[in-house]
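I have placed the structure first, in the form of structure tokens, so that the comments after it can refer back to it.
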């Protein structure tokens, strides 16, 4: 019985503590800050020239799911949960930014790492330059 207890303790330390620790690092998001960062992203990556043509979540897939709010331009007069390529969790926090094939231009901004609940970021097939910000890599 002693051996089983030791294995269970090791299992807990190796698998559950890192998960608990991960949640404490990122904490809760701030919907207001997420909204502000989306507007800043629009400005930083040439948002006035975005196309909003893509309708599928993935480009190279047999039967890709639909892109959230496909074709709906980013407009500060409507809620962010209605913007093209944006998905939110039940708390209103940004969990996905999918703007592939959308005519984005410029360098990826550092503040992308400020989306605390971001799980998916798809910016492929655009005209982006520069390097991936190190703040995104550590997440």
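Since every read-out is calculated from the coordinates, none of them should be taken as a lab result. Owing to the predicted nature of the structure, the values given are computational and were not obtained by experimental measurement. When we count neighbours, we look across all protein chains shown, and the Cβ atoms used for this are built from the backbone with ideal geometry, even at glycine.
Overview of values
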| item | result |
| --- | --- |
| Considering only region 27-137, percent of DSSP beta bridges that pair antiparallel, nearest 5 | 40 |
| Sites residue 110 and residue 89 - FRET efficiency at Förster radius 25 Å, r taken between beta-carbons, to 0.05 | 0.60 |
| Contact order normalised by residue count of region 27-137, Cα under 8 Å, 6+ apart, percent | 26 |
| Mean projection area, nm², convex hull over Cα of region 27-137 | 6.9 |
| Sequence ranges 77-84, 114-121, ranked by mean other-Cβ count within 10 angstrom, highest first | 114-121, 77-84 |
